[in-house]
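These notes concern the structure reproduced below.
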Amino acid sequence: MHSKIIGQLIRSLIVVIILFSSIFLFYILFPYIYPILIAFLLSFLFQPFIKWFINKLKMPRLLALISTFSLFLSLFTIGLYFLVSEVYQGIVYLSDKLPAYFHHMMEQFQQLLDTHILPLYDKLLSLLTTLHVDYRFEVYEYIQSFTESITSAFTRFFQMLIQQTASFLMMLPNSFTVFIFIILATFMISYDFHNIQNKFQKSIPGNGYALYQKITSHLKEAIIGYFRAQVILVCISAVILWIGLLILRVEHAFTIVLFAAVTDFIPYLGIGIIIIPWILFSFFTFNYPLTIGLSVLYGVIILIRQFIEPKIVATSIGISPLMMLIGMFLGVQWFGVLGFILAPVTLVVILAIHKSGVFQQLFFYIKG
């Protein structure tokens, strides 16, 4: 009995060491291997389309592969052209309207300066002259310190902005190289996918490949469900935003909604990357009705998203809403905003592994 418990503890330790070693190794290697992982993922997603061209249209594999790539590149090009044309129209509209907005903002700021700030400044100066010399010196020191703090904060902000811009520009050549590598690797892997799959199958001993197939099958189902849930959430946010902009009588509402829908897929930022600067701009141009309207609209979108996201994502990937809510809460507590992305992905992987029976086999292995 004693030796059995020791054996179980040793096997448990082996499982824990292998698990954490794998996670650590993946964390270390990920910055170097992520283009290959993306290429394998794209190749895996392209296989149903390639098989359809081969089975339905009786195409050779190379021609089916070229047709699949041509189809997706055409869709990508059309989508990019549509996006660029909308961006161009938005820039033309803004270039026509922004000078008038800026002139109006400067007029309002000058009026605010003349009617409120300058009289207040004169009143403060008159009050300072009535203070004792020691108190007056302390007030002057406080004002100087406050001014230096504001100046320093703005300086740091612009320095950070310049550094981030330079870093982004330096990343572009490398990003383009990575993009070309992913395209070429995806093409080569897709063409030789069956041979790679067969070699991988032969390299796994016993029933490991059957277990791998179960995991990938459940993982594919969960990933498709997760992306379906994200599309549903983006569509709901876009409809709410479109209705709100129509109520606020905003020009080019549909174009703005298209931009917002695209940015809604961006982690951390989402739709706020458009709405928040717009709210600030409306506030500083003294367009308070639009500021209040956009703030309320953004708040409604955030509240609705936070309320329905756990339910929709959980239903799509087969996890109870309570578990999804708990997972998101723990993800945010541990990883901050990144937890909103990591929590569903982690739950998807755990669900796929659980459905494949890996946890049961590990339990039987530890139990002996």
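Can you give the extra length, in nm with one decimal, that the chain gains between residue 44 and residue 180 once fully stretched, where that is 0.36 nm per residue apart less the Cα-Cα distance?
Going from the current span to full extension adds 47.1 nm.
Along the Cα→Cβ direction, 7 angstrom out, place labels at residue 349 and residue 23. What is the inter-label distance in nm?
The two pseudo-label positions are separated by 0.9 nm.
Stretch residue 306-residue 216 to full length: gain in nm at 0.36 nm per residue minus the Cα-Cα span?
Additional length available on full extension: 29.4 nm.
Could you give the distance between the Cα centres of the stretch 22-86 and the stretch 193-244, to the whole Å?
Using only Cα atoms, the two centres lie 14 Å from each other.
Compute log10 of I(q)/I(0) for the stretch 205-368 with the Debye formula, placing one identical point scatterer on every Cα and leaving out solvent, at q = 0.09, 0.10, 0.14 Å⁻¹, to two decimals.
Evaluating at q = 0.09, 0.10, 0.14 Å⁻¹ gives log10 I(q)/I(0) of -0.41, -0.49, -0.79.
Along the Cα→Cβ direction, 7 angstrom out, place labels at residue 201 and residue 235. What is the inter-label distance in nm?
3.7 nm
Cut-off under 24 Å on the C-alpha distance; same-chain residues fewer than 8 positions from residue 4 excluded. Which lysines are left, in chain and number order?
367
Evaluate 2.2 N^0.38 Å with N set to the residue count of the stretch 180-272, then give the Cα radius of gyration divided by it.
For the stretch 180-272, the normalised Cα radius of gyration comes out at 1.72.
Given R₀ = 45 Å, what would the calculated FRET efficiency be for residue 315 paired with residue 115, taking r from the Cβ atoms and rounding to 0.05?
For residue 315 and residue 115, the calculated efficiency is 0.20.
All other residues with a Cβ under 12 Å from the Cβ of residue 195 taken together, and with Lys, Arg as +1 and Asp, Glu as -1, what is their net charge?
+2
Suppose the chain between residue 74 and residue 4 were pulled fully straight at 0.36 nm per residue; how much longer would it get relative to their current alpha carbon spacing?
19.0 nm
Give me the lysines in straight-line cross-link reach of residue 355: C-alpha distance below 18 Å, same-chain residues under 8 apart excluded.
Candidates past the 8-residue exclusion: 214, 220.
Between residue 15 and residue 55, what is the label-to-label distance in nm when each label sits 7 Å out along the Cα-to-Cβ direction?
3.8 nm
Values quoted throughout were computed directly from the atomic coordinates according to the rules given, and no laboratory measurement underlies them. Not measured: the values here are computed from a predicted model. Cβ coordinates were reconstructed from backbone atoms using ideal geometry, including for glycine residues, and neighbour counts include every protein chain displayed.
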